[in-house]
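See below for the structure under consideration.
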Protein chains: 4
Amino acid sequence: MTWKIKQFGKKPKLNKAVLIEGLPGIGNVGKVVVDFIIDELKAVKLYEMFSYTFPHSVFVNENNLVELPTIEIYYKKMKNGNDLLLLAGDVQPIDEVSCYEFSEKILDMVEELKGSEVITLGGIGLQGIPKKPKVFCTGNSKKIIAKYKKGVALNENIYGVVGPIVGVSGLLLGLAEQRKIPAIAFLAETYSHPMYLGVKGAREILKILNKKLELNIKLKDLDKEIKELETEMMRRTEELSDVSKKTAIKKLKGRIGGEETSYIG
Amino acid sequence: MTWKIKQFGKKPKLNKAVLIEGLPGIGNVGKVVVDFIIDELKAVKLYEMFSYTFPHSVFVNENNLVELPTIEIYYKKMKNGNDLLLLAGDVQPIDEVSCYEFSEKILDMVEELKGSEVITLGGIGLQGIPKKPKVFCTGNSKKIIAKYKKGVALNENIYGVVGPIVGVSGLLLGLAEQRKIPAIAFLAETYSHPMYLGVKGAREILKILNKKLELNIKLKDLDKEIKELETEMMRRTEELSDVSKKTAIKKLKGRIGGEETSYIG
Amino acid sequence: MTWKIKQFGKKPKLNKAVLIEGLPGIGNVGKVVVDFIIDELKAVKLYEMFSYTFPHSVFVNENNLVELPTIEIYYKKMKNGNDLLLLAGDVQPIDEVSCYEFSEKILDMVEELKGSEVITLGGIGLQGIPKKPKVFCTGNSKKIIAKYKKGVALNENIYGVVGPIVGVSGLLLGLAEQRKIPAIAFLAETYSHPMYLGVKGAREILKILNKKLELNIKLKDLDKEIKELETEMMRRTEELSDVSKKTAIKKLKGRIGGEETSYIG
Amino acid sequence: MTWKIKQFGKKPKLNKAVLIEGLPGIGNVGKVVVDFIIDELKAVKLYEMFSYTFPHSVFVNENNLVELPTIEIYYKKMKNGNDLLLLAGDVQPIDEVSCYEFSEKILDMVEELKGSEVITLGGIGLQGIPKKPKVFCTGNSKKIIAKYKKGVALNENIYGVVGPIVGVSGLLLGLAEQRKIPAIAFLAETYSHPMYLGVKGAREILKILNKKLELNIKLKDLDKEIKELETEMMRRTEELSDVSKKTAIKKLKGRIGGEETSYIG
């Protein structure tokens, strides 16, 4: 068994769907954005993916129950413009081969659902907390960059600013090119400290997606909510182990509980 | 060859057997508990499991003879309540895929032997030695947690207290859920120092198991024996390499021998 | 899918082609040499190789677009003497098995194209920057060493000077012997600092190749150009992460751009 | 391709052959012993084993030529007592699964050649250089330990003295038990410093083998030769990288050459 995919409900007919990827990574910038969009737009779960190549551990959720690590695909039919496919999850595949295989599988799904574009999200780790994080972009064609740059604060001069883009966020761009699927990455500056949650960078990416994809998400409410949570988060993340950041993100949208964090073997 | 399973004697007919897992982990809390139960109840060995994905080394036992690392399943027919299946061993599978495969194999056996529940045991590593270790629990259903919490000092508010539960102790819970087998983990606080043997935490878990599963193990004797060994252990573990803890645990129930410990290549 | 090989144009008829390997390694000495030869001689791309065992990341190129890591084979028909096959790339296969498989595949191609010899290039890491780097050689037969040593400053007394030769540069030599293909390695002294780009050592190797293979490359221009770039490089590499060295090398032949370098997850 | 085995000459008819393993390990104690026996007894090469799971590197030999890492089996017909099979090599298989597979393959050969016993050799790493290294033993039966202990300075009280025996030296013992082949390990105390060559410990093991297997090797000459080399070695090993120890050992029996050692990528 390599990949186990569970489908929820019927396969929808989507209009030029754009896949937005937001798996864990630096500052969890992409994860914060996609998890927030799924909640705000009440997106519908379509697939749950599971693999023996995921980390061999379970998470404890807010109900004190365990959950195997999973990666999920949601969809959302939109009134205006492109429908959405949202790639969210607790983990990324661990090794190189699994990461390539997983990314190919995601692109298979995009093609099956007649998707038109892929957007991947990530963070650029800085040595300190950026006051106003800039968002950079790169992609697999000049055309998609030109399209998304228009009318928003998006910096395409990324050459020399970043090293390789590691993991699913990078591979989806490169492998999409082989299939002639236009793909772009939005990378927001964030603090590279392992405990830092890049909510400020996530907010900047959300602004761009909101405008370009007409998401109609109310950013004012988000700004307020994030500000509060951010303060609390930073104080708490000092006590959190690296792997516990997942828990931290879940709390972004939920209650804050628990007293003490340790690693269990 | 991936897994080699050797059966001892006939497959028994068990009454709603509960599997208790106690493989090596933080403080070896689970291992101490399950090895002790096997000895006290004179449980019967049913399976010996061996795999090329286990560590590529042999241990030297009390008879100065070598032993390949193995994982074993014992059973014990009980007069009252559920029969027991006991999962004990020297090692855990090393990599992610093997750990998933192994855990599925264990659950196959539980189903074959008409097991009704799975209990996994582990430690929560603290920065210092806890005076009176608390036992936390999590599981794959509210129902099994409610059942085991009743009448004992078991803390279910574990969310935010621990990060992911890594290895067989975690995967058994998550994978059991996919098969509708109720599963619960008992996690005792212990000192996270790699040389520390979590006998105090093990004792707290034993108390709970003793009561809930009517094991009829005399804890007074255990308390006394453990106290003596613990003092000796702590003094000695300073000289022990990480891999030698296995040896240390064996001595818990045996004689104390040898003068000096080193690693052999 | 293990290896994906894309052919460009027709397979050429080559005259006793010599394969020169220059993949990333210590000081990227070999990579600098082979990338420079490809540019100067306007060599023709024949194969592009791609594998899931390559690093799971993409690079951002000078056009701000992403590129999957690839390894390429170029050829160049020469007026005098042997034709050339040039092995260049962004990466080396990651694990042992892939590295062996890849090297065998390269030798398959050499045999198919009726290649006559293999030359691999690399660096010998010193504790400081060598003023005038020496070039050492080793190979799989006394005969090829004698042939290349004649008339150039090449030191064959390498026994005891270097440890094992790791990666494709080493395996091509050893595996070529099994196929009776003469193979030699040119290893130039360089500074072992991970950020240092071994252009001085590369220059020494180029001198030797230029003479022995009659490449007719103008070294004066190269010397001047390299000197300028080297100064700039050393200042900049302090800010570069290890993985960004690839970017650095690309810049050797292009413009210098960008302001700040970080790692993206 | 997993294992490539090359046979030299005809398969010999051996009289109750004893396999002695001496692959690289702590202090290279076993390697020094077996390489010395092969030279002294002029043993005949029977098999050369090669695998893609070996380290992906080549060594430079005394002739300044490269060699792929190999493991070899030699045999020696003896006038008195058991014939010998000698397992020598540059490397050990890297990962767990390969190490198990390799050890099984060796035992297949032992059975095919009607071998009667297996002896593995290794070092016990101490914090300092032992003046007179003790030799400990362990094995897979009381019988073989009793047999070899008789009349020599061999300490069988090893329980608690060592942790797990890692690699081929350990697995051969454990896996031989599954085939009912008596197997014993001789482990000599040595200095655990990665650069230290355990010649003193090797000498103690040689004494035992010489007596018990009637090897008729003149230890006086060896003692003198080793003493000289040891002094030189210790001075030189300070400059040697870990991987270069192989080179160092080769020199034990050859000339001392070269000036400076570095690692090549």
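Nothing in this text is a laboratory measurement; each read-out follows from the coordinates by a stated rule. Quick caveat: nothing in here was measured; it's all calculated off a predicted structure. Here the Cβ positions follow ideal geometry from the backbone for every residue, glycine too, while neighbour counts run over all protein chains shown.
List of remarks:
- Annotation for A:K220, label-to-label distances across the other copies: 7.2, 7.2, 10.2 nm (shortest first, one decimal, point 7 Å from Cα along Cα→Cβ).
- Across the identical copies, the 7 Å label point of C:K42, projected outward along Cα→Cβ, sits 6.5, 6.5, 9.2 nm from its counterparts, in ascending order.
- A Cα-only calculation for the stretch B:90-216 places Rg and Dmax at 14.7, 42 Å.
- Identity and axial distance of the chain C residue whose Cβ lies nearest the axis relating C to A, Å: C:D95, 7
- Percent of alpha-carbon pairs separated by more than 17 Å within the stretch C:122-194: 46
- Fraction of alpha-carbon pairs over 26 Å apart in the stretch B:1-133 - percent: 24
- In a reduced charge model with +1 at each Lys and Arg Cβ and -1 at each Asp and Glu Cβ, the stretch A:61-186 shows a dipole moment near 1080 debye about its Cα centre.
- For the pair A:K134 and C:K77, a Förster radius of 41 Å applied to the C-beta separation gives a FRET efficiency near 0.25, rounded to the nearest 0.05.
- The same position D:K114 in the other copies lies at 5.4, 5.4, 7.6 nm from this copy, comparing label points 7 Å beyond Cα toward the beta-carbon, shortest first.
- Contact order, relative form, for the stretch D:2-132: 37 percent (alpha carbon pairs under 8 Å, 6 or more residues apart, mean separation divided by residue count).
- One way to sum up the overall shape of the stretch C:82-165 is the equivalent ellipsoid from its Cα gyration tensor, whose semi-axes run 25, 19, 13 Å, largest first.
- Hydrodynamic radius of the stretch C:23-71 by the Kirkwood approach over all distinct alpha-carbon pairs: 12.6 Å.
- Restricting attention to the stretch C:100-214, close to 30% of DSSP beta bridges with both partner residues there are antiparallel.
- Simple rule: put +1 on each Lys or Arg Cβ and -1 on each Asp or Glu Cβ in the stretch A:155-223, find the dipole, and look at A:A176, A:N216, A:A202; the Cα lying farthest toward the positive end is A:N216.
- Whether the stretch C:57-123 is rounded, prolate or oblate, judged on the alpha carbon gyration tensor where a/c under 1.5 counts as rounded: oblate
- Additional length obtainable on full extension of the chain from D:E112 to D:F8, 0.36 nm per residue less Cα span: 35.9 nm
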